[in-house]
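What follows is a set of notes on a single structure, which appears directly below.
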Amino acid sequence: MGDLNQILQYMAKLGELDTLGVPECSHPFDDVNCFRDDEVVLSLGRNLILQNAPEHNDETFIAPMAVE
């Protein structure tokens, strides 16, 4: 309960700030959706991946049934 009181006191203190003339914003940066471009790259071959599997059928992993 002490942490909550400290948070509320801090929020009240922030409420005392003079924000007149400060534009409202939801994020401090103007950047929007800064994602890298999609790039096609080679992946590992199926045989290379399956060689480490305890069980496989040359196409997929074989795992124990989780739900009957």
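For the reader, a short list of remarks on this structure follows.
- Filter result (closer than 24 Å to Ile62 by Cα and either surrounded by fewer than 10 Cβ atoms within 10 Å (Cβ to Cβ) or out of contact with any strand residue (DSSP E or B) (no Cβ under 8 Å at 6 or more places or on another chain) (or both)) within the stretch 32-52: Ser43, Leu44, Gly45, Arg46, Asn47, Leu48, Ile49, Gln51, Asn52
- Residue in the stretch 12-34 that is within 30 Å of the chain's Cα centre (by Cα) and modelled with pLDDT of 90 or more present: no
The values are calculated or read from the model by the stated rules, or taken from the named source; none is laboratory data. Given the structure is predicted, the values throughout are model-derived calculations rather than measurements. Every residue, glycine as well, gets a Cβ built from its backbone with ideal geometry; the counts of neighbours run over all protein chains shown.
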